[in-house]
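Report on one structure; see the data block that follows.
The numbers here are math on the coordinates, done by the rules we state, and not lab data. No experiment lies behind these values; they were computed from the predicted model shown. Here Cβ is always computed from backbone atoms with ideal geometry, including for glycine, and neighbour counts include all displayed protein chains.
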Amino acid sequence: MNLLITGGAGFIGSNLIRHVIDKPEVAKLVNLDGLTYAGHLENLAGIHGTHPRYAFEKVDLRDQDEVIRVIRQHDITHIMHLAAESHVDRSIAGPADFITTNINGTFNLLEAYRAHASSSAKSVCRFLHVSTDEVYGSLGETGLFTEATPYAPCSPYSASKASSDFLVRSYHHTYGLPTVITHCSNNYGPYQHPEKLIPVVIQRILARQSIPVYGDGLHVRDWLHVEDHCEALWNVLSTGKTGETYNIGGQNEKSNIELVQFICDLMDEFQPELGGDSRSWITFVTDRPGHDRRYAMDIGKISRELGWVPSHDFETGIRQTVKWYLEHQAWVGAVAGTRVAAH
């Protein structure tokens with residue numbers, strides 16, 4: 001397996017590289033990343049520049065010629081496509097990068113892989129496209145997203161991911177490319193960019209600054225530990241059925257305010273010298289435009305067909321994550337520098 005992981009210097013991508021690089025099936029792992037604000041080689045300490053199976057290509061997916069070169073030069077057999085603009089607030093403020101990266105970049109990657117499939121002596125085996133539960137839109141108080149749920153994206157980000165999903169699907173049906181799509185719920189864990197909810201709350205508490213929470217804080221998300229996500233992705237790459245879609249969720253539905261309050265309580269436990277009462281810093285702010293009320297995933301298909309279920313329970317996973325950020329404040333400082341958003 002000559003495996004290409006796009007976006008490998010990002011949050012999920014770097015955790016995925018750590019998860020799969022020593023698998024015996026992987027002969028070579030190529031990390032293609034444009035190193036935009038969310039991609040940092042600090043996330044790959046101990047692998048980047050040292051691991052014998054690892055290669056890095058600083059390439060923007062929007063550069064079609066370079067994408068073609070990377071796939072040909074490394075004779076790529078498998079692709080795990082994670083590279084994307086992913087922050088909803090940023091897509092509302094400036095959607096253009098989401099269109100050019102998430103849609104046009106995915107198109108460039110598909111075209112390069114299709115061309116390679118027709119010219120390589122090796123077998124082109126699998127194109128795994130990593131997408132999001134946000135393409136399904138918003139749930140009511142009950143029910144779950146299944147793989148058959150109609151798409152109803154509500155933000156420029158989710159619309160761009162839905163578009164890329166349809167492109168990937170079309171390349172399977174039109175050209176016979178061996179594609180598979182996954183939709184994941186909200187990830188958490190180490191190396192998540194400081195603009196995201198959990199690290200924002202931690203850093204705001206450390207600074208004794210207000211913690212912005214959108215609307216009434218009752219928007220519900222299903223929280224998935226990134227290590228569980230990586231294991232699911234490997235299972236899909238290895239044994240998933242070509243042309244299929246798999247939902248990946250943590251089975252941990254929590255409202256935003258529940259999550260924020262839990263982190264506040266953990267911080268009071270771990271950092272008593274801050275003075276306690278971290279919940280008092282929570283500030284409710286004007287809701288985000290088009291803010292989906294609830295996401296929740298039905299993981300029955302991936303559990304039945306591939307035998308995957310999440311292994312992290314919410315309380316233990318969040319506790320470990322908060323400890324990781326407290327122990328890696330130098331990393332936070334190295335990759336920070338973006339505005340703090342509400343959630």
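At 7 Å along Cα-to-Cβ for each site, give me the label-to-label distance between Gln320 and Leu218 in nm.
Rounded to a tenth, the inter-label distance reads 3.3 nm.
What do you get for the angle between helix 11-20 and the principal long axis of the chain? Use alpha-carbon atoms, 0 to 90 degrees, nearest ten.
Between helix and principal axis, roughly 60 degrees.
For Lys301, what charge total do you get from the other residues with a beta carbon under 15 Å from its beta carbon, if Lys and Arg give +1 and Asp and Glu give -1?
On the way: positive: Lys241, Arg304; negative: Asp133, Glu147, Glu244, Asp298, Glu305.
Result for the neighbourhood of Lys301: -3.
For every other residue with a beta carbon closer than 15 angstrom to the beta carbon of Gly46, add +1 if it is Lys or Arg and -1 if Asp or Glu, then tell me the sum.
Numbers: positive: Arg18, Arg53; negative: Asp22, Glu42.
Counting the neighbours of Gly46, the net charge comes to 0.
Using alpha-carbon pairs under 8 Å, 6+ residues apart, how would you state the relative contact order of the chain in percent? Before the final figure, lay out each step's value.
Working: 667 pairs, mean separation 62.2, N = 343.
For the chain, the relative contact order is 18 percent.
Kindly express, to the nearest 10 degrees and within the range 0 to 90, the angle between helix 314-327's C-alpha long axis and the longest C-alpha principal axis of the chain.
Value to nearest ten degrees: 90.
Take the alpha-carbon centre of the range 238-311, take the same for the range 189-236, and report the distance between them in whole Å.
Distance between centres, Cα-based: 7 Å.
Taking K and R as +1 and D and E as -1, what net charge do the other residues with C-beta under 10 Å from the C-beta of Thr149 add up to? Working shown, then result.
Values: positive: none; negative: Asp133, Glu147, Asp298.
Neighbourhood net charge equals -3.
Give the range of the longest stretch in the chain that excludes all chymotrypsin sites (Phe, Trp or Tyr not before Pro) found in loop regions by DSSP and having at most 15 other beta-carbon atoms within 10 Å. Each step should come with its number before you reach the end.
Numbers: sites that count: Tyr37, Tyr151.
Longest site-free region, per DSSP loop and neighbour criteria: 152-343.
Which angle between 0 and 90 degrees, to the nearest 10, do you get for helix 156-175 versus the longest principal axis of the chain when only C-alpha atoms count?
20
Going by how many other beta carbons lie within 10 Å of each one, how would you line up Met1, Met80, Met267, fewest first? Could the numbers behind the result be given before it?
Values: Met1 18, Met80 28, Met267 23.
Arranged by neighbour count, lowest to highest, Met1, Met80, Met267 become Met1, Met267, Met80.
Report the relative contact order of the range 15-174, percent, no decimals, based on alpha-carbon pairs under 8 angstrom and at least 6 residues apart.
Working: 184 pairs, mean separation 34.6, N = 160.
Here the relative contact order equals 22 percent.
So what is the relative contact order for the range 53-140, in percent, with contacts set as C-alpha pairs under 8 Å and at least six apart?
Numbers: 73 pairs, mean separation 36.1, N = 88.
Relative contact order comes out at 41 percent.
Tell me the volume per residue, in Å³, of the convex hull enclosing the alpha carbons of the chain. Don't jump to the answer; show the numbers that get you there.
Working: hull volume 42.5 nm³, N = 343.
Measuring per residue, one finds 124 Å³ for the Cα hull of the chain.
In whole Å, how far is the Cα centre of the range 132-158 from that of the range 26-72?
Cα centroid to Cα centroid, the span is 31 Å.
By a straight-distance test (C-alpha under 22 Å), which lysines pair with Lys323 as possible cross-link partners, with residues fewer than eight away in the same chain excluded?
By straight Cα distance, Lys323 reaches Lys196, Lys254.
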